[in-house]
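As structure tokens, the structure follows; a few thoughts come after it.
What follows draws every value from the coordinates through simple rules; no lab data is involved. For clarity, every value in this text was computed on a predicted model and none was experimentally measured. In this analysis, Cβ positions are derived from the backbone assuming ideal geometry, glycine residues included, and neighbour counts consider all displayed protein chains.
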Amino acid sequence: MSFPFAEAFLQLPLLDLLLGASLVSKAVLVLLIIASVMSWTVIFAKWKQFKAAGLENTAFLRAFRKAPRLESVAALAEQFQISPLSGVFAYGYDEAGRQVQTRGRVTNKVAVERSLQMGVSAEMTRLERNMSWLATTASVSPFVGLFGTVLGIIDSFQGLGMQGSASLRAVAPGISEALIATAAGLAAAIPAAISYNQFSHRLRELAAKMDDFALEFLNMTERGEE
């Protein structure tokens with residue numbers, strides 16, 4: 001059983017379709033390719049960042065729990081600059097240190113808690129950097145591809161009107177061009193959407209760990225081990 005419509009598409013070289021596409025369709029494809037390349041760049045960068053942050057978090061937390069005093073942890077914190085927990089510790093330790101210098105001990109634990117929350121916010125902002133690009137690519141790329149699809153269909157109907165024929169060869173180039181735009185839009189959107197969801201889950205885990213660490217920091221100050 002033969003499928004004339006499918007055979008007409010298969011006989012069209014992909015490169016010829018791209019070279020013969022309209023200027024607007026080429027611009028749509030170039031835009032989607034750029035969005036895809038940038039998304040993959042962000043994906044690999046964030047994957048590397050989260051992996052390093054997780055490893056250093058584990059090492060820093062181990063050192064923090066073994067240290068007898070906050071001063072001992074401060075001496076080691078510079079070795080874990082990638083760790084979000086180390087960044088939160090720096091905020092809390094600075095506030096606790098100021099109180100110890102002026103009053104000899106930590107007297108305002110609410111101020112220390114606020115400083116720790118500021119540290120959590122700062123670290124979350126750093127970890128979320130460029131995440132918006134993935135969300136934008138995931139949501140916008142399908143519509144950009146749809147725009148290219150509509151243009152391809154319009155070209156197909158224009159070809160039919162000019163040739164006065166409803167043959168497959170008249171409509172196949174425009175439909176193929178439309179399908180390429182659709183595929184390009186999905187190819188850019190799907191990895192971005194999957195990665196954004198995975199990274200968002202990872203961010204929630206890191207935020208929970210930073211909140212738990214802030215409580216451990218407060219417990220240590222309450223024990224007078226600053």
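Take every Cα pair under 8 Å in region 13-222 that's 6+ residues apart, average their separations, divide by the length, and report that relative contact order as a whole percent.
On the way: 216 pairs, mean separation 62.4, N = 210.
In percent, rounded to a whole number, it is 30.
Any chance you could run the full-extension gain for Q81 through W40? It's 0.36 nm times the residue separation minus the Cα-Cα distance, nm to one decimal.
12.2 nm
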7 Å from Cα along Cα→Cβ at both R129 and I33: what's the point-to-point distance in nm?
3.0 nm
Using label points projected 7 Å from each Cα along Cα→Cβ, tell me how many nm separate E222 and R105, to one decimal.
1.5 nm
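Sequence gap of 8 or more, or different chains, plus Cα separation below 19 Å: how many lysine pairs satisfy both in region 13-222?
Values: K46/K209; K48/K209; K51/K209; K66/K209.
So the count works out to 4.
Please list 115-126, 42-53 highest first by mean number of surrounding beta-carbon atoms within 10 Å per residue. Please report the intermediate quantities before stating the final value.
Values: 115-126: 17.6, 42-53: 16.0.
Those peptides, ordered most packed to least, come out 115-126, 42-53.
With only alpha-carbon pairs counted, each pair once and no self-pairs, how large is the Kirkwood hydrodynamic radius of region 13-222 in angstroms?
Values: mean 1/r = 0.0484 Å⁻¹.
Evaluated on region 13-222, it is 20.7 Å.
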Potential lengthening between R114 and T182 on full extension [0.36 nm per residue; Cα-Cα distance subtracted]
19.6 nm
